[in-house]
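Written out below as structure tokens is the structure these notes cover.
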């Protein structure tokens, strides 16, 4: 069994793994589709963990030294505990925050994904550097993309987010 097959068993894809075992070795197109399915399952689970506020589940999908970048950060946010804390701060300010996975593409080395995030700014938000932003009561809906690095065990090592921060600030009523 190869490393992807072993990981797929852990995701509950046993039937797919056993049916695909021989064909996966012979068909590189199948391997690409199979790898894409694995990446999709990981990212769907990440979104589910976020939406169900299951932070232990969310943390378990990342390496201990995972790093995240986003337009709202001054630099990299590294360490699964720091990343989880930032997510919890976000959800605290946007209690109805929802994350939806829209698309996934996996090349040989990279995973690219498109998401939609929605929420209503109802409580103060603590930003990088200790700045507290008061709630506006306004809602947002934004599609954004990420470049994700997965290790051989299927854990997220790096999560780079790209979105239009100006659009987000306008929707939230923080700038005009």
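The values are calculated or read from the model by the stated rules, or taken from the named source; none is laboratory data. What you are looking at is a predicted structure, and each value in this text was computed from that prediction instead of being measured. Using ideal geometry, Cβ is built from the backbone for each residue, glycine included, and neighbour counts are taken over all protein chains shown.
Checking each residue in region 35-54 for being surrounded by fewer than 17 Cβ atoms within 10 Å (Cβ to Cβ), over 19 Å from residue 143 (Cβ atoms) and touching a residue at least 12 places away in the same chain (Cβ under 8 Å) picks out 36, 53.
Selection of region 154-167 for residues being buried (at least 18 other Cβ atoms within 10 Å of the Cβ) and modelled with pLDDT under 95 yields only 154.
Take residue 71 and tell me if it is in a loop (DSSP other than H, G, I, E, B) and either modelled with pLDDT of 95 or more or surrounded by 14 or more Cβ atoms within 10 Å (Cβ to Cβ) (or both).
Working: in a loop (DSSP other than H, G, I, E, B): yes; either modelled with pLDDT of 95 or more or surrounded by 14 or more Cβ atoms within 10 Å (Cβ to Cβ) (or both): no.
Answer is no for this residue.
For region 74-90, which positions are part of a loop (DSSP other than H, G, I, E, B) and at negative phi? Once the filter is applied, which keeps residues that are part of a loop (DSSP other than H, G, I, E, B) and at negative phi, region 74-90 yields 74, 75, 76. Restricting to region 91-143, and then to whatever is modelled with pLDDT of 95 or more and part of a helix (DSSP H, G or I), can you tell me which residue is surrounded by the fewest Cβ atoms within 10 Å (Cβ to Cβ)? Taking the candidates together, the pick is 92.
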